[in-house]
1. Which value, in debye to the nearest 20, gives the size of the charge dipole of the chain about its Cα centre, when Lys and Arg are +1 and Asp and Glu are -1 at the Cβ?
2. When ranked by the protection proxy of mean other Cβ atoms within 10 Å per residue, highest first, what sequence do the peptides 160-167, 221-228 form?
3. Along the charge dipole of the range 36-155, which of HIS82, THR38, LEU153 sits closest to the positive end, that is, farthest toward it, with unit charges on the beta carbon of Lys, Arg, Asp and Glu (+1, +1, -1, -1)?
4. With 10 Å bins from zero, work out the P(r) of the range 60-168 over every alpha carbon pair and list the percent per bin.
5. Go through the range 67-136 and name the trypsin sites (Lys or Arg not before Pro) that are in a DSSP coil and have 14 or fewer other Cβ atoms within 10 Å of their Cβ.
6. Report Rg(Cα)/(2.2 N^0.38 Å) for the chain, keeping two decimals.
7. Pairs of lysines 8 or more apart, or on different chains, with alpha carbons under 25 Å: count those in the chain, would you?
8. Can you list, largest first and rounded to whole Å, the semi-axes you get for the range 202-281 by taking the square root of 5 times each eigenvalue of its Cα gyration tensor?
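A short reminder: the numbers here are calculations on the coordinates, not readings from a lab. Note that the coordinates shown come from a computational prediction; the quantities given were computed from them, not determined experimentally. Virtual Cβ from ideal backbone geometry, glycine too; neighbours counted across all protein chains shown.
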Amino acid sequence: MSTDVIPATDRDAFYARLAANHYSPLWTLMGGLGPEPTTTLVPHIWRYAEARELMVEAGDVVPLEDALRRVLGFRNPGSLAHQRTGATDTLWAALQLVLPGEVAPAHRHTPSALRFIVEGAGAYTVVNGQRVAMEEGDFLLTPNGHWHEHGHLGDGPVIWLDGLDSPLVSRLNQYVLDEEDDLQQVDADLPAPFVNGMLAKHWGSPAKVAQPLVYKLADALEVIEHLRDGEGDPFDDIVVEYRNPISGGSVMTTIAAFLQLVRPGVDTRAHRHTHSTVYHVVRGSGHSVIAGERVEWTKGDTIAVPLWYEHSHHNHSSEDAILFSYTDKPAVEALGLGRTAASA
Ligand code: GTQ
Ligand code: FE2
């Protein structure tokens with residue numbers, strides 16, 4: 001082995017030969033890596049007043065036959081031109097509008113989906129043959145692989161927040177979609193007690209749904225009420241997790257979901273973590289401080305906190321502030337990448 005210095009041009013020629021023959025010299029690839037996770041994405045708030053107006057306009061501009069699903073995704077302002085990002089690197093967030101009489105046809109996909117109903121009444125979703133009514137404040141699940149379609153038998157628009165792990169699933173090259181022209185056969189005898197219970201028909205065909213698909217706001221608020229006078233979590237105040245009662249774990253393999261009360265007068269401590277979060281304001285108003293910037297929020301607003309951004313929540317009003325949120329924490333932890341740091 002020679003100890004002579006190799007001229008740079010020879011080195012360039014060598015690198016060109018490596019590339020031409022499909023080799024990667026690791027020592028040229030380590031730039032930009034350091035002890036902290038990084039993302040081009042930024043914290044952002046989509047205000048309901050604006051989003052709702054655009055959503056209603058989409059209702060005029062695009063008939064549902066054309067759109068199939070009238071969904072306005074919240075695209076993170078830090079997304080690169082052709083990047084399939086959502087609100088965060090891993091989580092999609094969107095508003096969806098269904099007008100009376102419309103039907104969004106049946107399909108299934110590998111991303112898991114959740115919905116939080118923001119306004120309106122009379123819409124429903126059918127998940128693996130089970131029809132589930134959508135009422136304001138309901139939290140609904142469409143775990144991956146489950147057939148689903150949406151319809152609306154009532155009056156007036158129904159708008160909900162969609163949350164999916166589709167950016168994560170896309171990065172894994174695993175976004176697979178099956179579409180049907182026909183609507184699903186609705187199982188009249190699948191019992192409604194899947195709503196916050198686990199009574200399933202035992203004879204005949206096996207249950208097509210293995211976990212509850214709906215969680216009512218009133219039930220979650222009741223639990224929060226029991227906890228209100230306690231100490232609360234330093235970073236989130238009074239927070240409860242929607243759980244899968246069968247596994248005891250998160251509602252879906254990749255996504256965990258929460259409802260929290262930030263009590264009047266509360267300032268939570270700041271922290272950051274390697275999972276990212278989408279918050280949606282259910283009631284009241286307040287502000288968060290994200291990476292040192294104050295973000296005021298009120299009912300209907302949706303806020304993205306990409307991974308590793310420091311954040312805290314504040315309610316300086318005299319009313320309760322209720323936030324719904326979901327994260328990719330179960331996915332991040334399953335990969336062994338979970339990490340949290342409290343701020344001083
Ligand atoms: O309603 O099934 O926001 O498939 C994105 C993809 C909603 C849905 C979204 C979807 C849906
Ligand atoms: Fe879907």
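1. It works out to roughly 800 debye.
2. Top of the packing list down: 160-167, 221-228.
3. THR38
4. Going out from 0 Å in 10 Å bins, the range 60-168 shows 15, 47, 31, 7 percent.
5. ARG84
6. 1.14
7. Eligible lysine pairs with Cα atoms under 25 Å apart amount to 5.
8. 30, 16, 10
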